1. What pairs come up if the first residue lies in region 225-251 and is touching a residue at least 60 places away in the same chain (Cβ under 8 Å), the second is part of a strand (DSSP E or B) and hydroxyl-bearing (Ser, Thr, Tyr), and their beta carbons are under 7 Å apart, counting only those six or more places apart or on different chains?
2. Report, by residue number, each residue of region 198-226 that is surrounded by fewer than 18 Cβ atoms within 10 Å (Cβ to Cβ), within 29 Å of Ser149 (Cβ to Cβ) and either touching a His at 6+ places or on another chain (Cβ under 7 Å) or not hydrophobic (A, V, I, L, M, F, W, C) (or both).
3. Any residue in region 87-110 that is in contact with a Pro (Cβ under 6 Å, 6 or more places away or on another chain), open to solvent by less than 10 Å² (accessible area, probe 1.4 Å) and within 25 Å of Lys224 (Cβ to Cβ)?
4. Tell me, which residue of region 168-182 that is open to solvent by 10 Å² or more (accessible area, probe 1.4 Å) and touching a Ser or Thr at 6+ places or on another chain (Cβ under 6 Å) is nearest to Pro230 (Cα to Cα)?
5. Return the residues of region 234-287 that are open to solvent by less than 10 Å² (accessible area, probe 1.4 Å), small (Gly, Ala, Ser) and either assigned to a strand (DSSP E or B) or at pLDDT 95 or above (or both); say none if nothing qualifies.
6. Out of region 186-224, which residues are more than 21 Å from Val263 (Cα to Cα), of a type in the set (S, T, N, Q) and in contact (Cβ under 8 Å) with a residue 24 or more places away in the chain?
7. Restricting attention to region 98-121, which residues are over 16 Å from the mean Cα position of the chain (by Cα) and of a type in the set (Phe, Trp, Tyr)?
8. Would you be able to say whether some residue in region 165-173 is farther than 30 Å from Leu264 by Cβ and touching a strand residue (DSSP E or B) at 6+ places or on another chain (Cβ under 7 Å)?
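The values are calculated or read from the model by the stated rules, or taken from the named source; none is laboratory data. Remember, predicted model here, so these are calculated numbers, not experimental data. As a convention, Cβ positions derive from the backbone with ideal geometry for all residues, glycine included, and neighbour counts pool all protein chains shown. We work out accessible area using only protein heavy atoms, side chains counted, and drop any ligands, DNA or RNA first. Shrake-Rupley method; radii C 1.70, N 1.55, O 1.52, S 1.80 Å.
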Amino acid sequence: MLNRLIKKKWYKLQQNQKSKKFSSHWYMRFGWLEQPFTTLEQLRPLFEIHSPQQLTFADSFYAHENGRHFIFFEEVNDQHPVGFLSVLEVFKDGSYTLPETIVKLDYHLSYPCVFKVKDVWYMIPETSSNKTIELWKCNKFPFRWEKHSNLLENIEAVDSTPFYHEGLWYLFTSTKRNCKKFGDRLDIFFTKDILNPDWQEHPMNPVCLGNQQFRMAGKPFIYKGQLVRPSQDSLKRYGGNIELKAITQLNPTVYKEKLLEVVLPNWNQADDGCHTINAEDNFVVLDAIRLTAKE
């Protein structure tokens, strides 16, 4: 623990020096893989999507519907400095449509985790500032969404991520219960029906406990033939890099994982972090932070 704290202070000093020389913004990287996702080298030759104002395009999630491909993400701009949710369509030549806003509220929204239940699209955005975990339903894909329900209330939780496994819905989330940072712990809740839930708290909660290494960084996916849970490592900075953790056991009484690999933003020397990745079929999308020298 002491060693990590020393490293944290050193990294913070480095970040302070960078902030004097560089401005930064979050952007998104996406593409189709020719082979199954088995090596991080496959993340290098991806397309990039930047905000025209070099502001925030982050927390990217993928959806495929009727042969079309969409990225849902958090956006921040000068007119609405609190995060809101947008979507754009992407194409195999790397082109994409202009973003369209789908949900904008008076409190912060991010991490638009989209998923299907019986062919209907739903979304769990990050709404910790409202002390809720909310479920939203899509009435006309991908643009029209309405609030379905509060899955949990009176809770400070971030980046809540559902995962259906062996007849149960598991909700991975990070709370601030008895810890300083959201990334210090990971909690799991489970239920049979996510649309009408009767949540039970996993008896091992917090299933992971440490120092800023356990906040969700996207939906679980297959990497190197293993089911992995991406998580954020924010030791050196918020959104410093992503850890891929193999889920080795998941049931209502036991949860186990092990570190498999670390995603570093080494595809471009101007990038200084990454904190969300989603991979499905042969498509991958992730966000990263780009540094630009100040004039």
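1. Leu250/Tyr170
2. Asp198, Gln200, Glu201, Pro203, Asn205
3. The initial filter retains those residues of region 87-110 that are in contact with a Pro (Cβ under 6 Å, 6 or more places away or on another chain), namely 87-88, 109.
Restricting the remaining residues to those that are open to solvent by less than 10 Å² (accessible area, probe 1.4 Å) gives 87-88, 109.
With within 25 Å of Lys224 (Cβ to Cβ) added as a condition, the list becomes none.
Scanning region 87-110 turns up no residue that is in contact with a Pro (Cβ under 6 Å, 6 or more places away or on another chain), open to solvent by less than 10 Å² (accessible area, probe 1.4 Å) and within 25 Å of Lys224 (Cβ to Cβ).
4. Residues of region 168-182 open to solvent by 10 Å² or more (accessible area, probe 1.4 Å): 168-169, 176-182.
From what is left, the residues that are touching a Ser or Thr at 6+ places or on another chain (Cβ under 6 Å) are 169, 182.
Details: Trp169: 18, Phe182: 15 Å.
Among them, the one singled out is Phe182.
5. Hits for region 234-287 are Ala246, Gly273.
6. Passing the criteria: only Gln200.
7. Taking region 98-121 and keeping what is over 16 Å from the mean Cα position of the chain (by Cα), we get 98-107, 116-121.
Answer for region 98-121, where residues must be over 16 Å from the mean Cα position of the chain (by Cα) and of a type in the set (Phe, Trp, Tyr): Tyr107, Trp121.
8. The initial filter retains those residues of region 165-173 that are farther than 30 Å from Leu264 by Cβ, namely 166-169.
Among the residues that remain, those that are also touching a strand residue (DSSP E or B) at 6+ places or on another chain (Cβ under 7 Å) are: 168-169.
Looking for residues that are farther than 30 Å from Leu264 by Cβ and touching a strand residue (DSSP E or B) at 6+ places or on another chain (Cβ under 7 Å), one finds at least one in region 165-173, hence yes.
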